[in-house]
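S.K.: Here you go, one structure.
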Amino acid sequence: MITVLAGGVGAARLLRGLVRVVDPRDVAVVANVADDLVLHGLNISPDLDTVTYTLGGGDNAETGWGLAGETWQAMDALDRYGGPTWFRLGDRDLATHLHRTGRLAEGAGLAQVTAEIAAAWEIGVRLLPATEDRLRTMVTLGDGTEVGFQEYFVGMRHDVPVAAIRFDGAASARPGPGVLEAITDAETVVIAPSNPLVSVDPILAVPGVSEAVADRRSSTVAVSPIVGGAALKGPADRMLAELGHESSAVGVARHYRDLVGTMVIDVVDADLAPEVEAGGVRCVVTDTVMHTPEVAAALAKVTLEAIA
Ligand code: FO1
């Protein structure tokens, strides 16, 4: 079994490549749920849905979130009542949140509901929420105010300086069903090219998870989400710099050094490989920019082979 710690878009693209090179039934995905929010009374789980839609073939390639060919009639109708419409929920995407919310209200756990949605999209892989307990990324802005992750990310278009990040609920969160086993029993653990600070760290903040990954360090490989000093999508590069890390593949390797034995970095960063290795992490250089599913499949293959 291959177990992937996953955030949103970057992880979903790597997974789309991975299922081309291994049997999807041999893949478990431990996904971030700290971006989740309740809006209009609906439980919304962006990273679970991004992985589901991408592997299910329904994803919107342009945005990376939501569904392709979406319509927005519900949002337009909601405008009549004054919103809120800052977080855009397409008409078909709404069905996912309605289903999730209804099932949770009936008493089903998030892992069960996620499995139902994944089965409906026939994604093949086992998609596991990192926790079923409430876990929320909170962002302290430069002016000292603290906001929820989506308010920062979508509401403010992540265009404001960040002073600190914390994961509300982490201390008492329990790993979701199957999460620790998926890490412990995996042949290889992959940390996807997701934002280390707000997509992967919340998974690792669930008590027991980072310890389980650290125990598998020699079988764990991370793919750098930073290429040539920049994030391919989102604010990871600025966030790393603002929070005192180096915004480079070296900075990512340092961040994960106790957890991963190997890092995969992009060819444009080949000259950083010696510095990554000097930090005690083996380094493999390949194309990591997943323009096409074929490149993603090649990256997934190299990533698995990187574990010596
Ligand atoms: N991202 C946006 O930039 N604007 C949106 O209006 C928005 C809506 C949205 C709805 C459902 C969903 O699952 C994701 C959505 N996202 C939106 C993306 C998402 O909030 C972030 O990309 C992730 O949380 C970061 O991993």
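Please treat every number below as a calculation from the coordinates, not as lab data. Given the structure is predicted, the values throughout are model-derived calculations rather than measurements. Don't worry about glycine lacking a Cβ; one is built from the backbone with ideal geometry, like all the others, and counts go over all protein chains shown.
S.K.: Given a 10 angstrom Cα cut-off, can you work out which residue in T101, T262, T71 is the most mobile in a GNM of the chain?
M.R.: Of T101, T262, T71, the most mobile in the Gaussian network model is T71.
S.K.: Using a ≥ b ≥ c from the Cα gyration tensor of segment 100-198 (square roots of the eigenvalues), is it rounded, prolate or oblate, where a/c under 1.5 gives rounded and otherwise the larger of a/b and b/c decides, a/b for prolate? Don't skip to the end; give the middle numbers.
M.R.: Details: a/c = 1.99, a/b = 1.61, b/c = 1.23.
Prolate.
S.K.: Something else: Read phi for every residue in segment 118-126 and hand back ³J(HN,Hα) as whole Hz from Karplus 6.51 cos²θ - 1.76 cosθ + 1.60, θ = phi - 60°, with x for Gly and Pro.
M.R.: 4, 5, 5, 8, 6, 7, x, 6, 8
S.K.: Roughly what % antiparallel, to the nearest 5, for the DSSP beta bridges in the chain? Please list the in-between numbers first.
M.R.: Values: 16 of 40 bridges.
Counting only bridges with both partners in the chain, antiparallel ones make up about 40 percent.
S.K.: Using alpha carbons only, how many degrees (0 to 90, rounded to 10) separate the axis of helix 46-56 from the longest principal axis of the chain?
M.R.: That works out to roughly 80 degrees.
S.K.: A follow-up question, please. Gaussian network model of the chain, Cα springs within a sub-10 Å range: biggest mean-square fluctuation belongs to which of V289, V38, V29?
M.R.: V38
S.K.: Run the numbers for E294 and T140: contour at 0.36 nm per residue of separation, minus the present Cα-Cα distance, in nm. Intermediate results must be reported in sequence, preceding the final value.
M.R.: On the way: separation 154, 0.36 × 154 = 55.44 nm, distance 3.89 nm.
Additional length available on full extension: 51.6 nm.
S.K.: Next question, about the same structure. How big is D, in µm² s⁻¹, for segment 17-117 by Stokes-Einstein at 4 °C and 1.567 mPa s if Rh is the Kirkwood radius over C-alpha pairs?
M.R.: Details: Rh = 14.7 Å.
Roughly 88 µm²/s, to the nearest whole number.
S.K.: Per 0.36 nm of contour for each residue apart, how much would the distance between S172 and E246 grow if the chain were fully extended, relative to their Cα-Cα spacing?
M.R.: 23.6 nm
S.K.: Can I ask one more? Using amide H atoms built 1.01 Å from N in the peptide plane, name the residues 5+ places from N43, or on other chains, whose amide H lies under 5 Å from its own.
M.R.: Close amide H contacts, sequence-distant or interchain: T101.
S.K.: Now for a separate question. Using only the alpha carbons, work out the radius of gyration and Dmax of segment 203-308 in angstrom.
M.R.: Final numbers for Rg and Dmax: 13.4, 36 Å.
S.K.: If each of A214 and H40 carries a label point 7 Å out from its Cα toward its Cβ, how far apart are those two points in nm?
M.R.: Modelled inter-label distance: 4.3 nm.
S.K.: Whose amide H sits under 5 Å from the amide H of V4, counting only residues 5 or more places off or on another chain, with H placed in the peptide plane?
M.R.: A28, V29, V30, V190
S.K.: Let me ask something additional. Across every pair of different alpha-carbon atoms, what Kirkwood hydrodynamic radius in Å does the chain reach?
M.R.: On the way: mean 1/r = 0.0516 Å⁻¹.
This gives a value of 19.4 Å.
S.K.: Still on this structure: Mind jotting down the distance between the C-alpha centroids of segment 1-47 and segment 114-191, whole Å?
M.R.: Between the Cα centres of segment 114-191 and segment 1-47 lies a distance of 10 Å.
S.K.: Given H placed 1.01 Å from N in the peptide plane, which residues other than close sequence neighbours of V227 have an amide H under 5 Å from its amide H?
M.R.: Correct list: L232.
S.K.: Starting from the 7 Å offset along Cα-to-Cβ, what nm value, one decimal, do you get for the label separation of L78 and D91?
M.R.: Distance between label points: 1.5 nm.
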